[in-house]
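Colleague: The following block contains the structure, expressed as structure tokens.
The values are calculated or read from the model by the stated rules, or taken from the named source; none is laboratory data. Quantities reported herein were computed from a predicted structural model and do not represent experimental measurements. Every residue, glycine among them, receives a Cβ derived from its backbone with ideal geometry; neighbour counts consider all protein chains shown.
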Amino acid sequence: MRVGQRRIRARTKAKRRQQTKRNHGLVAVSFAKGPHRMKNCPAREKLAVMTMGMSMVMWKQAHPLGPLLNIPSGSGRINMPVIRLRPQKEKVVIVIGPTGTGKSRLSIDLATQSVAEIVNSDKMQVYQGLDIVTNKITEEESCGVPHHLLGVIDPIADFTATNFCNSASLSLKSIVNRGKLPIIVGGSNSYIEELVDNEDFGFRSRYECCFLWVDVSMPVLQSVLCQRVDRMVEAGMVEEVRNMFDPNADYSRGIRRAIGIPEFDAYFRAEGKNKARLLHEAIQAIKYNTCELACRQLKKIHRLRDVKRWKVHRLDATDVFRKSGEEADEAWEELVAGPSTMIVSRFLYNLSTDNYARVSLPAIRAPAMAAATH
């Protein structure tokens, strides 16, 4: 047989095989031989290779090989194992918790251990400006992790739960289409609840969720929040709010609804001897309102878990805030970051507890404690 004829027949067979696979929804799987050569690969690429290897192994366990597919060959028929593809939901990690418990820090910890991007779900942090008042994560604290819906909305615009769901849905689609893990983080539980449970957005039909709840006992958290307000004042919060003060402003719209803006109204309007007293009262009101917000957020989380039966993994970070310096970082690793990594790994790779014990994962890097108060 001439060489040209053999090539034509080979191409014809290849086309038939592709058509068969298209008609029956079958994909033949081949596995490269030999170990991965990762000696000169950057650390992130090594992690990507490890992740891909683990993912394929666990995926094969969850999706056993189908029947043998007989493919004609020149010397007979080849029996090739195939896998029937089933529609798989994309996976999303959602970090919730009252304000000040360390949600942002945890999301960065998780994102830097995988190829992930973060979607902000804090209803005040979506607005442009007032970074101190809204306690936005800084560029340094973000460690280069891409953030979506953070500081992008006009300060005077209304941004409803429906607006959030529409924008977040687009962000999630973009992230998963680029092969990355979406991590949703924020204290606005009403936004997250609307996104997850409103059937109009089809979230649960598209995504499988892992909920992480960072919790801190309320007496400890209230002390932490009051200290945070003091640090915000030292960082220039009063001047930040003064720069956008408008005596005719509507405090029920846009970013002016944020705690830390209406409280200063009387202070900015006052003149003379009362200003010092009014400033003190404004700061005390901000502390009180922030603690009240944390209580409301906690009640909503309990309702989502106990009434709506969300499967939520609780992480008690109370002892982290009872310590300082290296001891606090060690407590964060032991009580929050480490357990979260195990939970998310089992979630991503469908691992049981026994299987997870045999898997070696990279250690978590502990960022500076400055990020722990988000």
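Colleague: Scan the range 251-258 and give yes if some residue there is of a type in the set (S, T, Y) and either crowded, with 18+ Cβ neighbours inside 10 Å or closer than 21 Å to S107 by Cβ (or both), otherwise no.
Modeller: Here is the first cut: in the range 251-258, the residues of a type in the set (S, T, Y) are 251-252.
Still in the running and either crowded, with 18+ Cβ neighbours inside 10 Å or closer than 21 Å to S107 by Cβ (or both): none.
No, that holds for no residue.
Colleague: Going by the structure shown, is W332 in a loop (DSSP other than H, G, I, E, B) and under 20 Å from the mean Cα position of the chain (by Cα)?
Modeller: Numbers: in a loop (DSSP other than H, G, I, E, B): no; under 20 Å from the mean Cα position of the chain (by Cα): yes.
So W332 fails the test.
Colleague: Here's another thing I want to ask about it. Can you confirm whether K287 is farther than 15 Å from V224 by Cα and either outside the structural domain of F211 (by TED's automatic domain parsing) or in contact (Cβ under 8 Å) with a residue 24 or more places away in the chain (or both)? Can you show your working first?
Modeller: Working: farther than 15 Å from V224 by Cα: no; either outside the structural domain of F211 (by TED's automatic domain parsing) or in contact (Cβ under 8 Å) with a residue 24 or more places away in the chain (or both): yes.
Criteria not met by K287.
Colleague: Could you say which residue among L304, L298 is touching a Pro at 6+ places or on another chain (Cβ under 6 Å) and modelled with pLDDT of 95 or more? Even if it seems obvious, please write down each step before you answer.
Modeller: Working: L304 fails: touching a Pro at 6+ places or on another chain (Cβ under 6 Å).
Exactly one residue qualifies, and that residue is L298.
Colleague: Looking at this structure, is V176 in the same structural domain as L335 (by TED's automatic domain parsing), β-branched (V, I, T) and assigned to a loop (DSSP other than H, G, I, E, B)? Explain how you work it out, then say what you get.
Modeller: Details: in the same structural domain as L335 (by TED's automatic domain parsing): yes; β-branched (V, I, T): yes; assigned to a loop (DSSP other than H, G, I, E, B): no.
Here the answer is no, as V176 does not meet what is asked.
Colleague: Being without any contact (Cβ under 8 Å) to a residue 60 or more places away in the chain and among the hydrophobic types (A, V, I, L, M, F, W, C) is the filter here, so list the residues in the range 290-308 that pass it.
Modeller: So in the range 290-308, the residues without any contact (Cβ under 8 Å) to a residue 60 or more places away in the chain come out as 292, 296, 299, 302-303, 306-307.
Of everything in the range 290-308, just one residue is without any contact (Cβ under 8 Å) to a residue 60 or more places away in the chain and among the hydrophobic types (A, V, I, L, M, F, W, C), namely V307.
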